[in-house]
1. Fewest Cβ neighbours within 10 Å first, please rank Val92, Val155 accordingly.
2. What angle, in degrees between 0 and 90 and rounded to the nearest 10, separates the Cα long axis of helix 135-145 from the longest principal axis of the Cα atoms of the chain?
3. Averaged over every viewing direction, what's the projected area of the C-alpha convex hull for the stretch 136-200? Give it in nm², one decimal, please.
4. With every atom except the alpha carbons ignored, what do you get for Rg and Dmax of the stretch 1-85, in angstroms?
5. Find, to one decimal place in angstroms, the Kirkwood hydrodynamic radius of the stretch 10-219, where the mean of 1/r is taken over every pair of different Cα atoms and then inverted.
6. Restricting attention to the alpha-carbon atoms of the stretch 46-112, what are Rg (one decimal) and Dmax (integer), both in Å?
7. Give the lysines reachable from Lys160 as a straight Cα distance under 26 Å; neighbours fewer than 8 places away on the same chain don't count.
8. How tilted is helix 165-176 with respect to the longest principal axis of the chain? Cα atoms for both, answer in degrees (0 to 90, nearest 10).
Amino acid sequence: MNVSRVPRSKSAARDSYDRMSKWYDLFASPFEKKFINTGLQKLQASPGDIILEIGFGTGQGILELARSVGDSGRVYGIDISEKMCAITRAKVEKAGFSGSVGLVCGDAARLPFHSESFNAIFMSFTLELFDTPEIPIVLQECRRVLQKGGRLCVVAMKQKPDPTAMMKLYEWAHEKFPEYIDCRPIFVKEMLEKSGFCILDAAENSSWRLPIEVVVSGKV
Ligand SMILES: C[S@@+](CC[C@H](N)C(=O)[O-])C[C@H]1O[C@@H](n2cnc3c(N)ncnc32)[C@H](O)[C@@H]1O
């Protein structure tokens, strides 16, 4: 299972998303929206749930999750970019969700939450940003903070054993210009299973002929 590396420091990732934050809703979010919505539908957050979103960006998922869990639930988010945090915090306040949403600026490889705190975790276009050896560390952190029977939904670019010409071209661009094209395809289901999650649901879509996978897994 060949997955390319991400030769970038955490501070470089943070600086890059700080710079992108102002334009993110204009350029990136419209492409990601439909996959985020599919993931959220599959996650099925309900009133009273306590949910964590990792790498929430400009907050599309956070706002939707806050609507789903209602006043009796709670939504927490962690993102490494202070500017993404500021944008999402402003949206949360404007939407009147400050009482039920808590946002933290930090690194998801060390989640600042107690074990077994959450019913569910949501992560879109974020797991594939971590360097290959760090992905199992992030997934172990997810397992730690999830309650037994909790769900983890990952929306990510999908790698395949036999990548198409388009996928190879994309990966070439990722290797040449990692600063601008930082997501790369990963083996989502296989990585989740290796980290001890059981696959509950998986769907494949595509964007610009690149496969995107929406996987819901469970902590058994
Ligand atoms: C490609 S964006 C996706 C944003 C959002 N989930 C979406 O789908 O629109 C990735 C997000 O992950 C955040 N991120 C990158 N590395 C991170 C880390 N180590 N810990 C937490 N968040 C991180 C970035 O700041 C950015 O907001």
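1. On the way: Val92 23, Val155 28.
Listed from fewest to most nearby Cβ atoms, that is Val92, Val155.
2. Tilt of helix 135-145: around 20 degrees.
3. Values: hull surface 21.5 nm².
So the mean shadow area of the Cα hull is 5.4 nm².
4. Radius of gyration, then largest Cα-Cα span, for the stretch 1-85: 14.6, 44 Å.
5. Working: mean 1/r = 0.0584 Å⁻¹.
Kirkwood hydrodynamic radius for the stretch 10-219: 17.1 Å.
6. That works out to 10.9, 30 Å for Rg and Dmax.
7. Lys33, Lys34, Lys42, Lys168, Lys176, Lys189, Lys194, Lys219
8. 80 degrees
FYI, it's all coordinate maths here, none of it is from the lab. Because the structure is predicted, anything quoted here is derived from the model rather than measured. Cβ: placed from backbone, ideal geometry, glycine included. Neighbour counts: every protein chain shown.
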